[in-house]
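> Following this message is one structure expressed as structure tokens.
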Amino acid sequence: MKRTSAHALLNIFAANAIDRVFLVPGESYLGILDALVDFPGIDTVVCRHEGGAGYMAVADGRLTGRPGVVMVSRGPGASNAAIAIHTAQQDAVPLIVVIGQIPKRDLRREAFQEIDYQKMFGAIAKWVSEPTDPEQLAAAAFKAIRIAASGTPGPVVLVVPEDIQQQETDQPAWKNTPAVQTLPNEHTLDEIRDRLRQASRPLVIAGGMFEKPGGREALHIFAQAWQLPVAVSFRRHDVFPGTHPLYVGELGLANSKAQIDAFAESDFILALGTRLGDIPTQGYTFPQLPRPSQTLLHCYPDDHIVGLHYVADFGLVCEPRELVQALLPGAGDIQESRAAWLQRLRQIHAAHVKWPSNTTRGGVDFSKVVRSVSEHAPEDAIICLDAGTFAAPVYRHFPFAGRQRLMAPLSGAMGYGTPAAIASALRMANSKTICMVGDGGFLMTGNEMIAAVQRKLPVLFILSNNACYASIRINQEQCYPGRVSGTSLFNPDFHALALAFGMKAVLVENDAQIESAIEQGIAASEPFFIEVRSDLASVLPAQTAPKA
């Protein structure tokens, strides 16, 4: 059989354990589509929109730690996939976007559907490569894998002209060898241990780098051994159990003043595996820029990130998992005075996450649905969230426990939830995948749920229907009270739509129906859809909520 440059590209993917690609087909990469026939070990997931395909690849990359791969055609296809590139950059997820391109002879002639992708994606992708020789394709693919997964993981764009895909070439099977992680010298480690012994009010800020294999376990052992309170970075709830006595909350979009004031009294901050961006630092106010009043240890495996905003007393460019393993204490290292500090932070956190008990005038308070999910979800459930106000109760109140995973877009991108649920159910077949999505985000990529029907994936879809872009409406009401514009929605019958897709569906219109619907959905062995008629007034500012 003729082995082509497209085969060489896929051979590199297969050699590096990439076993699934998500795509919307296009004429510009028919050569690669043809070569996929000869790689039965690579699962080809055909999607309905490049944005949905890209989100699936982002979710897959986050779950595996290997680059997720999305393939799209040039021009319109690549433009639709741009949202996934931005999400991967914001979320620090390894992603490879393969784009079919016009023939190399026509490059930069403004040909049909041509885009210069270096100009288009150069500011958000880690690397954009456009090989023009068939012999370059395997090497470009190999470099794409290395760059996507190294340092701060992120997106790489591989642009392949249509006329370099079907030439006979060598078939290398190079395997990537990750760089060996270094640690601080023993003197620095001893100095950090001394600071930990002396600290009476330490605080760990744990980020997404602990999602790597063994990371969560290493963080748990480290925090337990030193009795360190742990706050997770923005939407990283699942790196440390929310039910653990050392868990003190998330640094996100809705922290109380009492909580941030208490965190600010810490005397030693260990920022581990977090980029310390604007949201976890509350707009770069905690800790203070540029030199915090507390001792600051910032550990991240990318020298661009360490020192980018904050001058740390210990700026460590290394893997946080390796660091915490090297910093385990000896006997008698813990200060007893920490108990009062921990108790104070726990009390503030407990008050902040107490479930609300709102009454509604019409429809369902969606937080009650979230509460029911939290009570019934298996210990290994994967919770996939779209962006929107419906998700706020999950971030604030849902106590992630056991091996439960949170799949949510740090970028705040609508349309993420349904594709992420498909990718999660494909990758984690033995875990229950629960997708919560708003009516706005669902109609952006909800069509991708047909894959759940096709492959009989037992995803529970829960849709909050309040006929509104509610998160925007809330801000609109706060800034321009009573002047509603552009945020109301006219919706289809979602319950009927799910039935038309071929899945079981129920409609929840009042509180009495919540429990039964959630129990049915979690027990279902095939796709199951719940439409919740949510009460808009329960999330709007009180002074602007519609009167009964």
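The values are calculated or read from the model by the stated rules, or taken from the named source; none is laboratory data. For clarity, every value in this text was computed on a predicted model and none was experimentally measured. Cβ: placed from backbone, ideal geometry, glycine included. Neighbour counts: every protein chain shown. All accessible areas refer to the heavy atoms of the entire protein, side chains included, with ligands and DNA or RNA removed. Shrake-Rupley method; radii C 1.70, N 1.55, O 1.52, S 1.80 Å.
> Answer yes if at least one residue in region 472-490 is open to solvent by less than 40 Å² (accessible area, probe 1.4 Å), in contact (Cβ under 8 Å) with a residue 60 or more places away in the chain and in a strand (DSSP E or B), and no otherwise. Outline the logic, then answer.
Kept after step one, since they are open to solvent by less than 40 Å² (accessible area, probe 1.4 Å), are these residues of region 472-490: 473-474, 476-477, 487.
Imposing the further condition that a residue be in contact (Cβ under 8 Å) with a residue 60 or more places away in the chain reduces the set to 473-474, 477.
With in a strand (DSSP E or B) added as a condition, the list becomes none.
No, region 472-490 contains no residue that is open to solvent by less than 40 Å² (accessible area, probe 1.4 Å), in contact (Cβ under 8 Å) with a residue 60 or more places away in the chain and in a strand (DSSP E or B).
> Tell me yes or no: at least one residue of region 530-539 is touching a residue at least 12 places away in the same chain (Cβ under 8 Å), farther than 27 Å from residue 359 by Cβ and either surrounded by 13 or more Cβ atoms within 10 Å (Cβ to Cβ) or aromatic (Phe, Trp, Tyr) (or both).
Taking region 530-539 and keeping what is touching a residue at least 12 places away in the same chain (Cβ under 8 Å), we get 530-539.
Cutting the leftovers down to farther than 27 Å from residue 359 by Cβ gives us none.
No, region 530-539 contains no residue that is touching a residue at least 12 places away in the same chain (Cβ under 8 Å), farther than 27 Å from residue 359 by Cβ and either surrounded by 13 or more Cβ atoms within 10 Å (Cβ to Cβ) or aromatic (Phe, Trp, Tyr) (or both).
> Give 537, 500, 451 a once-over and let me know the one that is modelled with pLDDT under 95, over 20 Å from residue 373 (Cα atoms) and among the small types (Gly, Ala, Ser). Walk me through it before giving the result.
Numbers: 500 fails: modelled with pLDDT under 95; 451 fails: modelled with pLDDT under 95.
Answer to the selection: 537.
> Sticking with this one: Please tell me if residue 264 is open to solvent by less than 30 Å² (accessible area, probe 1.4 Å) and of a type in the set (Gly, Ala, Ser). Spell out how you get there, then give the answer.
Values: open to solvent by less than 30 Å² (accessible area, probe 1.4 Å): no; of a type in the set (Gly, Ala, Ser): yes.
The answer is no for residue 264.
> Among the residues of region 237-261, how many are open to solvent by 20 Å² or more (accessible area, probe 1.4 Å) and either of a type in the set (Lys, Arg) or touching a Leu at 6+ places or on another chain (Cβ under 7 Å) (or both)?
Our first condition is that a residue be open to solvent by 20 Å² or more (accessible area, probe 1.4 Å); within region 237-261, this holds for 241, 243-245, 250, 253-258, 260-261.
Narrowing the set further to residues that are either of a type in the set (Lys, Arg) or touching a Leu at 6+ places or on another chain (Cβ under 7 Å) (or both) leaves 257.
Here the count works out to 1.
> Let me ask another. Which one of the conditions (1) closer than 30 Å to residue 431 by Cα; (2) assigned to a helix (DSSP H, G or I); (3) in contact with a Leu (Cβ under 8 Å, 6 or more places away or on another chain) does residue 457 fail to meet, given that it meets all the rest?
It is condition (2) that residue 457 fails.
> Say we look at region 491-519 and pick out the residues that are part of a helix (DSSP H, G or I) and touching a strand residue (DSSP E or B) at 6+ places or on another chain (Cβ under 7 Å); which of these is most open to solvent (accessible area, probe 1.4 Å)? Explain how you work it out, then say what you get.
Taking region 491-519 first, the residues part of a helix (DSSP H, G or I) are 494-501, 511-519.
With the extra rule that they be touching a strand residue (DSSP E or B) at 6+ places or on another chain (Cβ under 7 Å), the set shrinks to 494-495, 498-499, 511, 514, 517.
Numbers: 494: 1, 495: 48, 498: 0, 499: 88, 511: 68, 514: 12, 517: 6 Å².
Among those residues, the one meeting the criterion is 499.
> So, one more: Out of 291, 361, I need the residue that is in contact (Cβ under 8 Å) with a residue 24 or more places away in the chain, basic (Lys, Arg) and either open to solvent by 30 Å² or more (accessible area, probe 1.4 Å) or more than 19 Å from residue 270 (Cα to Cα) (or both). Which one?
On the way: 291 fails: in contact (Cβ under 8 Å) with a residue 24 or more places away in the chain.
That would be 361, the only listed residue that is in contact (Cβ under 8 Å) with a residue 24 or more places away in the chain, basic (Lys, Arg) and either open to solvent by 30 Å² or more (accessible area, probe 1.4 Å) or more than 19 Å from residue 270 (Cα to Cα) (or both).
> From (1) open to solvent by 20 Å² or more (accessible area, probe 1.4 Å); (2) under 26 Å from the mean Cα position of the chain (by Cα); (3) hydrophobic (A, V, I, L, M, F, W, C), pick out the condition that doesn't hold for residue 174.
Here residue 174 clears every test but (2).
> Enumerate the strands (runs of 3 or more DSSP E) found wholly within region 182-291, keeping only those where 1 or more residues are small (Gly, Ala, Ser) and under 22 Å from residue 354 (Cβ atoms). Break it down into steps so the answer makes sense when it comes.
On the way: elements: 202-206, 230-232, 247-250, 268-272.
The strands (runs of 3 or more DSSP E) meeting that bar are 230-232, 247-250.
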